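Working notes, beginning with the structure itself.
Please treat every number below as a calculation from the coordinates, not as lab data. In this text, all values refer to a predicted model and were calculated from it rather than measured experimentally. Using ideal geometry, Cβ is built from the backbone for each residue, glycine included, and neighbour counts are taken over all protein chains shown.
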Amino acid sequence: MLSWALHITIGMVVLAILLNVYRLLKGPDAPDRVLALDTLYINAIALIILLGIALGTRLYMESALLIAVMGFVGTVALAKYLKRGSVIE
C-alpha cells in the first residue's frame, strides 16, 4: 500500500514540476518567473525526499536540506534584484 501511494505522490510532484517549468518559461513578467522558480525548488525538495523514502537512504535528506538553503538564498537575491536593480550595494 505504501509503495502504491509513494508512486502516485512522485507522479504528482513530477507533474507539479512540469507545470512550474511551463510557468517559468511562459511567465508574463519577472515576478511570476521568480515565484515559479521558488515553487520549483520546493517541489524539487519534495521529490528528493520522496525518492529518499522510496530508496530507504538518508543521503537524499541531506541533499534536500542543501537545496533548501541554496533556494532560499537565491530567492532573496532575486527579490532584492527585482526591487532595487542590484544585489550587492
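Residues of the stretch 43-89 that are β-branched (Val, Ile, Thr) and more than 21 Å from Gly11 (Cα to Cα): Val69, Val73, Thr75, Val76, Val87, Ile88.
On the stretch given as the stretch 1-29, residues that are in contact with a Lys or Arg (Cβ under 7 Å, 6 or more places away or on another chain) and within 16 Å of Ile45 (Cα to Cα) total 0.
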